[in-house]
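Down below is the structure, laid out as structure tokens.
Values quoted throughout were computed directly from the atomic coordinates according to the rules given, and no laboratory measurement underlies them. Note that the structure is a prediction, hence the values are computed from the model and not measured. With ideal geometry, Cβ positions are generated from the backbone for all residues, glycine too; neighbour counts draw on all protein chains shown.
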Amino acid sequence: MGDVLSQSEIDNLLAAISSGELDAEEYKHSDEKQVKNYDFARPSKFSKEHLRTLNIIFEHYGRLISTNFPGYLRKNVQVEVINSEAISYYEFANALTNPVLLGIIDFAPLNGNVIIELANNLGYAIVDRMLGGGGYPLDKPREFSEIELSIIQRIFIQCTNLLIDPWKNVIKLEPKLLRIETNPQFAQIISPSEMTAIITLNIKIGSIEGMMNICLPYICLEDVIDKLNTKYWYSTMQLKDQTTYKDIIEIAIENANIPIKAVLGKSAITVNDFIHMQVGDVIKLNSKVDDELTVYVGNINKFTALPGASSSSYAVKITSINSGEE
């Protein structure tokens, strides 16, 4: 919405037009549509709808990172998707520093690899935290040692495994971390002119903040590009919510082990009687022989039953269900 002119500004503008200081003809064509240049040599293969869907997928991914990483780092982790854009791989690679942390991931069953770039300051902070430090980056960046890369590899493996759930509405992924590169020249996974989708996440570990970039080449997503639209994504998610999730929950509940006990009766004795109790002593209960037993499921009084035997084991026969206590 444009700025609203005051009455004095309107009067001054009219006076300037009347005096000839401003040419009114210059403002007649202000509503003409601006033509946007299109580069046919490097056509954009990702539409706004594709990028919007990728945004939704990686928002889910960010929530998984913020939920799982505190268990490893013992610090609060906040993740936010801040940008998604389509650029050539050359532009992505040209912006990388040296050294850099690049995780090369096999995006099976899709063809090709994707790259996860983790900011160096986050890498140093993760190493410091996992070795018992406060989780702070180095004042002067340097090359990562083999031990530090081994520690960071564990984090990249977790990042790789967490990709499965956000993508399940599009395809059942089986991603695998192939290697970690610190030199961007050795991470040439596709032709420089190929188009990629770059999703940028802002990660905050305690007070340390840095970026994570996920590079998704078009040739890798080409087989599922039609599924990268919000209509398909939400319809698939809703269908799974109504069937798969319900079935999984029912199976999990059916297989849950819960304790059950039948109480013959209760009694109270003094500590002195308890200390001097001998084999053959009789404890009098507050119930009779023909009374029904109370059966507890967990701590809930759920059934009444009669005592008996089944083969060589003690057993009870349910006579009623107590539906009053939930």
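Observations
- Close Lys pairs in the stretch 48-249, defined as Cα atoms under 13 Å apart and 8 or more places apart or on different chains, number 4.
- Largest-first principal axis extents, alpha carbons of the stretch 43-125, Å: 44, 31, 27
- Relative contact order for the stretch 260-321, counting Cα pairs under 8 Å that sit 6 or more residues apart, in percent: 29
- Furthest towards positive pole of dipole, GLY265, SER320, SER310, structure part the stretch 260-321, Cβ charges: SER320
- Among the trypsin sites (Lys or Arg not before Pro) found in the stretch 285-326, those both in a DSSP coil and sparsely packed, with 14 or fewer other Cβ atoms within 10 Å of their Cβ, are LYS288.
- A simple spin-label model places pseudo-atoms 7 Å from Cα toward Cβ; at ALA256 and HIS60 they are separated by 2.5 nm.
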